[in-house]
Protein chains: 2
Amino acid sequence: AMAAERSLAMATCTAPVNIAVIKYWGKRDTDLILPINSSLSVTLHQDQLKTTTTAAASRDFTEDRLWLNGAEVDVGHPRIQACLREVRRLARKRRGGSEDTATLSLSYKVHVASENNFPTAAGLASSAAGYACLVSALARLYGVEDELSEVARRGSGSACRSMLGGFVQWQRGERPDGTDSLAQQVAPETHWPELRVLVLVVSGEKKPVGSTVGMQTSVETSPLLKHRAEVVVPERLAQMIQHIRERDFEGFGQLAMRDSNQFHATCLDTFPPIFYLNDLSRHIIALAHRYNAHHGHTKVPARTPRVPRHRGPPQVPMSPPVPPQVAYTFDAGPNAVIFMLADTVDEFVEVVRHSFPPATNGDQFIRGLPVGSAVLPQELVGAVVTEPMPGAVQYILHTKPGPGPQLVDDPSQHLLGADGLPRRRA
Amino acid sequence: AMAAERSLAMATCTAPVNIAVIKYWGKRDTDLILPINSSLSVTLHQDQLKTTTTAAASRDFTEDRLWLNGAEVDVGHPRIQACLREVRRLARKRRGGSEDTATLSLSYKVHVASENNFPTAAGLASSAAGYACLVSALARLYGVEDELSEVARRGSGSACRSMLGGFVQWQRGERPDGTDSLAQQVAPETHWPELRVLVLVVSGEKKPVGSTVGMQTSVETSPLLKHRAEVVVPERLAQMIQHIRERDFEGFGQLAMRDSNQFHATCLDTFPPIFYLNDLSRHIIALAHRYNAHHGHTKVPARTPRVPRHRGPPQVPMSPPVPPQVAYTFDAGPNAVIFMLADTVDEFVEVVRHSFPPATNGDQFIRGLPVGSAVLPQELVGAVVTEPMPGAVQYILHTKPGPGPQLVDDPSQHLLGADGLPRRRA
């Protein structure tokens, strides 16, 4: 037993979820996971949403094994194997080929256990946090300190953005081998302390088309996606980086909404079409626009509309878009993510509560960071809350931008015991 | 009384509805109604859907007046005035300025009555048929025989396509004055006798964003619409004309579905986004794809996928799209229009009846051309009919391509009496 314990090395990390505001959809290389366009995301705080992963290696392990949320799963998945192989390759490179006895042998089998602090069924894109955490824990285990977003990308494209905190760009890169397709921090999580995020977790919807298959069908059939990737995204990415640097919520929010809508537009332009937005999503989108319109017409002076330059004959001017107070974004699933500044949270949460009255678990309806109470002015309720849909939103998670993967020093937090098997969960 | 009767001239015409298979969305000139792209439609048969319009002129009329479906409406609408003005201008030009007593005076006021043989509330895009019929009746009244699609276009863009039967192209034109923005017949209604059309009239949905406002917002805010109009539609239009000439239902149907989806994608790319498809539309779309997949996998050999040429690195091949048996298209409203060949109608109607069981009026569920009975094989029901939605489809209208506007010779069919006022309706 003593010998086995001495030969057991273990590392535990946590990693965050991220929410894209310039969306990733479509690969130019499906094996290396190289995207057709760059993307940009906000890393969410791990106090609310995180994955924890423990990786262990021992000469006594007879095979690689993996447990997700306590249940053993097949470790042979090509993407898991790619991450394992790449981390070991970096470790080997680092050691310059010498295998001294003080370092962990790369030939040992590994055991990995991974857990989310949120229900997988909530559809909160756990694969990005999961692969970022796997790569972080393995890298720590083997003492690798290189650029790791390239490795995480091999697990799941968006996982590379979860390797950094705050505001993160995934540069598409140009090289065929993917060595320049990396995540890069645009600004740390401390850059914009007022920014807040609400995740509206919606009630049961069947599993939609998976994103891996869906995006590849889009690449093959949507002429609009090709134009988006080649022409629209490069412009938008530069704009979004500027909005973030300037902490310009109006620009950030409007562009986030437009880009979410355009991503879903390219899904609809796919053949056969892919739908991730449903009637509830439409209700949430309409609610956000009504809320913004109400405040735009009552609180904020009208501005010049920010519309794309349009060549051709002059057009009838439309009423200028109002500066948004809240901005939605939807990924390849039914949940809504809504950005706002801290001083909007209390009121908007109350608007959501009015619009989607909690069904049974009213006390658990708001989770995460504290939310203050708000009394809604009657004219706000009248203008914004139309046709309440009881029970449609399961709960609201209140969170904010946060840091990248963290090392867990406390050995009591390891998910694997001294025997290399998952500890009984609390 | 004799004098008044002799001075009364009257003409009655009927005009058809049309369904675009390459969609029109967006104007480059909102006054002249010049589109940003050419479009192509199928004119539907007037035995099922038609507008009837009587136009009368008399020296005894003291003002222009207009009745729609029996109710008097404001004749001052700029688009109605544009049609009146343009027809009178053509008449004046024709007469070379000479106003002889045998011809109808252009200074007389007109009375116009117009009726649809289908409920306006059914959302069957009655404005195209309405303006085509108005222009046809006025032209007949004044003895004008010129190219009239340019005049109908001034009433409603898509009305120009209702000026011809069969398969009709609306060429966007290049001139700023719109004189080359005209409808042109691609093939007459007799060209493809097997083609059939089902209109699925869905149950009450609130009035969505009007197309005039909606398309202008799209022109101003959607980068994808601009690309569609400039790059995608010109290619698709040429392809669609060829599919029609070759009576290639596979090509026609797949391109119609793709173009409908792309139109709705550009609506979603509009800011704020416009939604015309709802969860019921998604159900109908999914039903059509399941039906096609079922027949594609059981009856027809696999073909090379017809996907857009894609520059760039090679892609993972997707499973080839199956040759469609049915093809949906949706306009700026909730009804579905489904194209198919005659030998598919009986079975597909039965599939719709299984999927959307009629609520109360089961005997009126199928209207229009006769539909034979069909017994669905159990494996078809199992593969295609999932989650029936009782009452979601109000009725099915079975129709086919038909001719352009018709003159009504029988004076008993005039909608205005000898007094120039609407006759009591039957």
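The values are calculated or read from the model by the stated rules, or taken from the named source; none is laboratory data. Keep in mind that what you see is a predicted model, and the values were worked out from it rather than measured. For neighbour counting, all protein chains shown are included, and Cβ atoms are generated from backbone atoms with ideal geometry for every residue, glycine included. Areas reflect the complete protein model, heavy atoms only, side chains present, ligands, DNA and RNA absent. Shrake-Rupley method; radii C 1.70, N 1.55, O 1.52, S 1.80 Å.
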Explain nothing, just the number: dipole magnitude of the stretch A:128-199 about its Cα centre with +1 on each Lys and Arg Cβ and -1 on each Asp and Glu Cβ, in debye rounded to the nearest 20.
260 debye
Applying 1/(1 + (r/R0)^6) with R0 = 45 Å to the Cβ-Cβ distance of A:Arg423 and A:Val213, what FRET efficiency is obtained, to the nearest 0.05?
0.80
Indicate the residues belonging to the stretch B:211-230 that lose 30 Å² or more of solvent-accessible heavy-atom surface (probe 1.4 Å) upon moving from the chain alone to the assembly of all protein chains, ignoring ligands and nucleic acids.
B:Val219, B:Glu220, B:Thr221, B:Pro223, B:Leu224, B:Lys226, B:His227
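To the nearest 100 Å², how much accessible surface do chains A and B hide from each other in total, with a 1.4 Å probe? Before the final figure, lay out each step's value.
On the way: alone 19850 and 19800 Å², together 35310 Å².
For A against B, buried area totals roughly 4300 Å².
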Rel. contact order, % - alpha carbon contacts under 8 angstrom, at least six apart, chain A
23 percent
If A:Tyr131, A:Tyr276 are ordered by their accessible area, calculated over protein heavy atoms with a 1.4 Å probe, which sequence runs from highest to lowest?
A:Tyr131, A:Tyr276
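Relative contact order of the stretch B:5-106, please, whole-number percent, based on alpha carbon pairs below 8 angstrom and at least 6 residues apart.
On the way: 101 pairs, mean separation 26.6, N = 102.
It comes to 26 percent, rounded to a whole number.
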Got a number for the accessible area of A:Lys27? Probe 1.4 Å, square angstrom, nearest 10.
10 Å²
In the protein assembly as shown, with Lys and Arg counted as +1 and Asp and Glu as -1 at Cβ, which of these residues, B:Pro411, B:Met163, B:Thr14, has the Cα nearest the positive end of the dipole, that is, farthest along it?
B:Met163
Over the heavy atoms of A:Thr62, what accessible area does a 1.4 Å probe trace out, to the nearest 10 Å²?
120 Å²
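What does the charge count around A:Gly368 come to, taking other residues whose C-beta lies under 13 Å from its C-beta (Lys +1, Arg +1, Asp -1, Glu -1)?
On the way: positive: A:Lys50, A:Arg196, A:Arg367, A:Lys400; negative: A:Asp47.
After counting each charged neighbour, the total is +3.
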Using alpha-carbon positions, what is the distance between the centroids of the stretch A:251-280 and the stretch A:73-95, in Å?
34 Å
Which entries in A:Lys226/B:Lys226; A:Lys23/B:Lys27; A:Lys27/A:Lys226 show an alpha-carbon gap greater than 18 Å?
A:Lys23/B:Lys27
What do you get for Rg/Rh over the protein assembly as shown if you use C-alpha atoms and the Kirkwood form of Rh?
1.05
Using only protein heavy atoms and a 1.4 Å probe, report how much of B:Glu145 is accessible, in Å² to the nearest 10.
140 Å²
Just A:Ala286, A:Ala137, A:Ala152 to compare: in a GNM of chain A, with alpha carbon springs under 10 Å, which one fluctuates most?
A:Ala286
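Return one whole number: the accessible area per residue of chain B in Å², for a 1.4 Å probe.
Working: 17640 Å² over 426 residues.
That works out to 41 Å² per residue.
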How big is the stretch B:333-372 by Rg and Dmax over its Cα atoms, in Å?
10.8, 29
Given charges at beta-carbon only (K, R positive; D, E negative), |dipole| of the protein assembly as shown in Debye
1000 debye
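Taking 35 Å as R0, compute the FRET efficiency from the Cβ-Cβ separation of B:His77 and A:Arg245 and round it to 0.05. Mind dumping the intermediate values first?
Numbers: r = 50 Å, r/R0 = 1.43.
About 0.10, to the nearest 0.05.
Return the carbon/sulfur percentage of the accessible area of chain A, one whole number, probe 1.4 Å, all protein chains in place. Display every interim value, and only then the final one.
On the way: 9130 of 17680 Å².
Carbon-and-sulfur percentage of accessible area, whole number: 52.
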Exercise: per-residue mean of other protein chain Cβ atoms within 10 Å, A:278-291
2
D_trans [Stokes-Einstein, Kirkwood Rh over alpha-carbon pairs] for the stretch B:314-417, 10 °C, 1.306 mPa s, µm² s⁻¹
94 µm²/s
Have a look at A:Ser39, A:Ser127, A:Ser162 and tell me which one the Gaussian network model of chain A (Cα, springs below 10 Å) gives the largest fluctuation.
A:Ser127
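Using the crude model of +1 on Lys and Arg Cβ and -1 on Asp and Glu Cβ, and no other charge, please compute the dipole size for chain B relative to its Cα centre, in debye to 20.
Working: 44 positive and 43 negative charges, 131 e Å.
Dipole size: approximately 640 debye.
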Cross-link reach list, aspartates and glutamates versus B:Lys93, counting only Cα pairs under 20 Å and skipping chain neighbours closer than eight places
B:Glu145, B:Asp146, B:Glu147, B:Glu150, B:Asp177, B:Asp180
Could you please state, rounded to a whole Å, how far the C-alpha centre of the stretch B:211-238 is from the C-alpha centre of the stretch B:366-426?
31 Å
Ignoring ligands, DNA and RNA, how do A:Phe365, A:Phe275 rank by accessible area with a 1.4 Å probe, largest first?
A:Phe275, A:Phe365
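Taking all pairs of different Cα atoms in the stretch B:199-253, averaging 1/r and flipping that mean, what Kirkwood radius in angstroms comes out? Mind showing how you got there, number by number?
On the way: mean 1/r = 0.0708 Å⁻¹.
That comes to 14.1 Å for the stretch B:199-253.
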Take the stretch A:108-255, compute every pairwise Cα distance, and split them into 10 Å bins from 0; I just need the percent in each bin.
9, 28, 39, 21, 3, 0
Just reorder A:Ser373, B:Ser38 by solvent-accessible area, largest first, 1.4 Å probe, all chains present.
A:Ser373, B:Ser38
What whole-number volume per residue, in cubic angstrom, does the convex hull of the C-alpha atoms of chain B give?
156 Å³
Provide, as a two-decimal number, the C-alpha radius of gyration of the stretch B:1-84 over 2.2 N^0.38 Å, N being how many residues it has.
1.46
